[in-house]
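Structure first, then comments.
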Amino acid sequence: MVNPTSESAFVQFDRVQKSYDGETLVVKDLNLSMPKGEFLTMLGPSGSGKTTCLMMLAGFETATHGDILLNGTSINNIPPHKRGIGMVFQNYALFPHMTVAENLSFPLEVRKMGKSDREAKVKRALDMVQMGDFGGRRPAQLSGGQQQRIALARALVFEPELVLMDEPLGALDKQLREHMQFEITRLAHDLGITTVYVTHDQTEALTMSDRVAVFDDGRIQQLAPPDQLYEEPENSFVAQFIGENNTLTGVVKSVSGDACVITLDSGEEIDAKPVNVSQPGERTKVSIRPERVEFNKDRLNPNAHTIKAQVKEFIYMGDIFRFRLSVAGNDDFIVKTRNAPDAVKLTPGETIEIGWLAADCRALDA
Amino acid sequence: MADTTANGPVLAADGTPLKQSLARSLRRQKMRALMLIAPLLVFVLLSFIFPIASMLFRSVENGIVQDTLPETVAALQQWDEQSGELPDEEVYAAFIRDMIIAVDNKEHTRLGSRLNYEETGMSSMFRRSGRAIGRLDPVEDAPFKEALIDIHDGWGEVGTWQTIKTHAVPLTNGYFLNAVDMQRTVDGAQAQPESKQILITLFGRTLQMSLIITGACILLGYPIAWLLANLRMRTANLLMILVLLPFWTSLLVRTSAWKVMLQQQGVINDTLVWLGLVDDAARLVIINNQIGTIIAMTHILLPFMILPMYSVMQTIPPSYTRAAKSLGATNWTAFWRVYFPQSVPGIGAGSILVFILAIGYYITPEIVGGTKGVFISNRIAYHISSSLNWGLAAALGTILLAAVLILYWAYDRIVGIDNVKLGG
């Protein structure tokens, strides 16, 4: 990421670094800019630096180097309570000794707002998350999902322009989580709030965000809209981390424009699309999504390279069939097919031919 | 809703009522549990419940007068103690008969000591008269009134007989009256003479100083507990050792160390004089008075405040304070409105602990308290080991116990005992 146009940026990280112990960098040279109203997700494994970035933005951690800008001005020296950033915490952090209404009223009180204004705003915020009748309850009397809504309402009640969310749905069960994903996205878009969302759940990241920043090793590995991230990963980490992925390793044999031929370590040759490779002789990891692998003989492209595969396991998942194959020495090669009337059912032990479109098979860094 | 059938209660598979069957299956478990706790139960019963009950009883028990002088007590019933006249010959004769038996059994001195708590001089009167009475014959030497007054003038005073009659009841409120600076007299409960009134003052002082000590412990302990709960593990552990170190030192050593520190030629005064803050001629008096007791006891009881506070603070996640700040609260508001209310259970637990320990403290006030800084417990100890007035000691102890229970109850009503956490 080169320094982006700062006029349009609402939130901007400019060459930000962070170290806790003075020996290792947790965040290495972070550059990121977000326009107003964007829903951006920071996605990455634990320890990748995403939460640290969020905490620096909130003001609970200071950047070791670099600037964090909000609306064009540096906020490095502004204490958290003056930043006016709403935040939803992983465990909600609702104050247990206050009622729901008092929790919501708290940010308004510290802003010295009058009583009647406060009450009106609290009511509106509670209605917004469909919790209008719960003002008198204590947080402990609410279910996890209800607490989540209250935490959201509290972060929004003082009308911040920027809201940060630190794995807010981590403690909910699957169904509730999916419902809340939808709610949060809807609220964020309706209110036009800029949102930075941290999660390690890639489904959450893909379904909710305008853009996703994939973090690893203190760097943004790729910053892109969800579809691009899934279909066009720029390196093998992103390919591995987002969605299910099959990896084969080999050496580039030839490159011709939009296609190249890879010689796998097992000696077989396959077609691929060169992404991070340009010269024959370079080592590469090729990445292919399970649903793009074709094993129906009738649909295989006669001109494309095919490769032999042995069926190891069949997993019935209801809507889809999943097969584990052994391909070019990789025993964990997964292919999927829709449970359709004409679906081919493979039996473990048989050997088949598989193939794919060169464009679906990306030759990435080794 | 009970799961009943149309014919009555639910039956277990073998036809017995389900409730009965359940009770039977639980009985074995209960017996096992009871057996496991039995040794402790017996121990607690013998070492805690029984002594307290015995103390409570001793504070009202007063059979000695009636047991030693049964005939006299019966004869005194006819005598009007308000008349201002001496009892008649019949009482004296009964007294001689009782005393001869008592002298034989060497019980008259004990009775003398008992009555001496009420009327000074009784002890020596009984002891001296005892020898002379022992030589009298209950039949031949009659009449006894003149003879007895000859033996000791005291037997010719109305007050003596009033005292005997007043305290001839088997259960008395006399000790409790004494404990609150009153006495049992012929005219009912009366205030003690002013020169003997010290116990109410002492109770008041004990309460007041315990409150001051508790307050001082809260003020000093809170920041330490906060540091312990918020510092990095290594630093916190080191700090914790410093907090616990006094625990591993003998109480007596610590108190004596304060004596060295606080006396007029002690470390603190010397330092202040050397710094020029205090004139050599006007060294601070900070020992053998209330200040000394407060300083030493605050130090000794501090860990009891810090530990419960710490264990509560440890459970307050830092995200609460962060949330408060992100919502716009300054550091102080975040602390006062969000952190502090959640740490109150720790303060409550620590305060109860420190206050109850302080109110019954004995060794430290004894050593550093002088005369002005002693507690009610020092008085109790005095009555147990020096004056041997165990009844009064028991009454004082009972009042102390009742005071603590009442305070505990009040605390429960105001703060709620559910809000007290001694750990996680």
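What follows draws every value from the coordinates through simple rules; no lab data is involved. Because the structure is predicted, anything quoted here is derived from the model rather than measured. Cβ atoms come from the backbone with ideal geometry, glycine included; neighbour counts cover every protein chain shown.
Determine the shielding of peptide A:86-98 by partner chains: average, over its residues, the number of Cβ atoms on other chains within 10 angstrom of each Cβ.
5
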Review point. Say each of A:Thr203 and B:Thr330 gets a label point 7 Å from the Cα, pointing the same way as Cα to Cβ; how far apart are those two points in nm?
Key: 4.7
Check your understanding: If each of B:Asn237 and A:Ser46 carries a label point 7 Å out from its Cα toward its Cβ, how far apart are those two points in nm?
Key -> 2.2
Review point. Membrane-span-like helices in chain B: DSSP H runs reaching 24 Å or more (Cα, own axis), mean Kyte hydropathy at least 0.0?
Key: B:18-44, B:199-230, B:290-313, B:340-359, B:390-414
Check your understanding: Taking a ≥ b ≥ c as the square roots of the eigenvalues of the Cα gyration tensor of segment B:199-419, is the shape rounded (a/c under 1.5), prolate (a/b larger than b/c) or oblate?
Key -> oblate
**Study point:** Modelled FRET efficiency - R0 60 Å, B:Asp67 with B:Thr249, Cβ distances, 0.05 increments
**Key:** 0.75
Study note, to complete from the structure: Once both label points are put 7 Å beyond Cα along the C-beta direction, the A:Asn303-B:Leu357 separation in nm becomes 8.8
Study note, to complete from the structure: With the 8 Å Cα cutoff and a minimum separation of six or more residues, chain A has a relative contact order in percent of 15
Review point. How big is the gap, in Å, between the Cα center of segment A:8-31 and the Cα center of segment A:303-327?
Key: 43
Check your understanding: Which of the aspartates and glutamates could a cross-linker bridge to A:Lys82, judged by Cα under 15 Å and excluding same-chain residues fewer than eight apart?
Key -> A:Glu61, A:Glu109, A:Glu159, A:Glu161
Practice item. Would you give the gap between the C-alpha center of segment B:316-357 and the C-alpha center of segment A:92-135, rounded to a whole Å? Key: 21
Point to revise | Within segment A:281-312: backbone nitrogen closer than 12 Å to the A:Val251 label point (7 Å, Cα to C-beta) | key: A:281-284
Exercise for review: For an R0 of 56 angstrom, estimate the FRET efficiency from the Cβ-Cβ distance between A:Gln17 and A:Thr99 and round to the nearest 0.05.
Suggested key: 0.85
**Study point:** Over chain A: helical MRE at 222 nm, DSSP H runs n ≥ 4 each giving -39500 (n - 2.57), nearest 500
**Key:** -6500 deg cm²/dmol
Revision key, fill the gap. Calculated from DSSP helices alone, with each H run of at least 4 adding -39500 (n - 2.57) and the total divided by the residues of chain B, [θ]222 nm to the nearest 500 comes to -20000 deg cm²/dmol
Practice item. Would you please classify the overall shape of segment A:1-90 from the alpha carbon gyration tensor, given that a ≥ b ≥ c denote the square roots of the eigenvalues, rounded means a/c under 1.5, and beyond that prolate means a/b larger than b/c while oblate covers the rest? Key: rounded
Practice item. Work out how much length B:Val44 to B:Gln82 would gain on full extension: take 0.36 nm times their residue separation and subtract the Cα-Cα distance, in nm to one decimal. Key: 8.8 nm
Review point. Just B:Gln29, B:Gln314, B:Gln183 to compare: in a GNM of chain B, with alpha carbon springs under 10 Å, which one fluctuates most?
Key: B:Gln29
Study note, to complete from the structure: Per-residue average of other protein chain Cβ atoms inside 10 Å, peptide B:242-253 -> 0
Study note, to complete from the structure: So the angle from the long Cα axis of helix A:144-156 to the longest Cα principal axis of chain A, reported in degrees to the nearest 10, equals 70
Check your understanding: Nearest 20 debye, what's the magnitude of the dipole of the protein assembly as shown about its Cα centre given +1 on Lys and Arg Cβ and -1 on Asp and Glu Cβ?
Key -> 680
Practice item. Please work out the C-alpha center-to-center distance from segment A:276-297 to segment A:172-207 and express it in whole Å. Key: 32
Check your understanding: Helix A:115-128 versus the longest principal axis of chain A: what is the Cα-based angle in degrees, 0 to 90, to the nearest 10?
Key -> 20
Check your understanding: How high is the FRET efficiency between B:Arg131 and B:Leu227 when r is their beta carbon distance and R₀ equals 56 Å, given to the nearest 0.05?
Key -> 0.20
Point to revise | Sequence-distant lysines (8 or more away, or on other chains) whose Cα lies within less than 18 Å of A:Lys121 | key: A:Lys112
**Study point:** Proximal lysines to B:Lys196, defined as alpha-carbon separation beneath 25 angstrom and excluding residues fewer than eight positions away on the same chain
**Key:** B:Lys165, B:Lys372
Review point. Counting Lys and Arg as +1 and Asp and Glu as -1, what is the net charge of the other residues whose Cβ lies under 13 Å from the Cβ of B:His299?
Key: +2
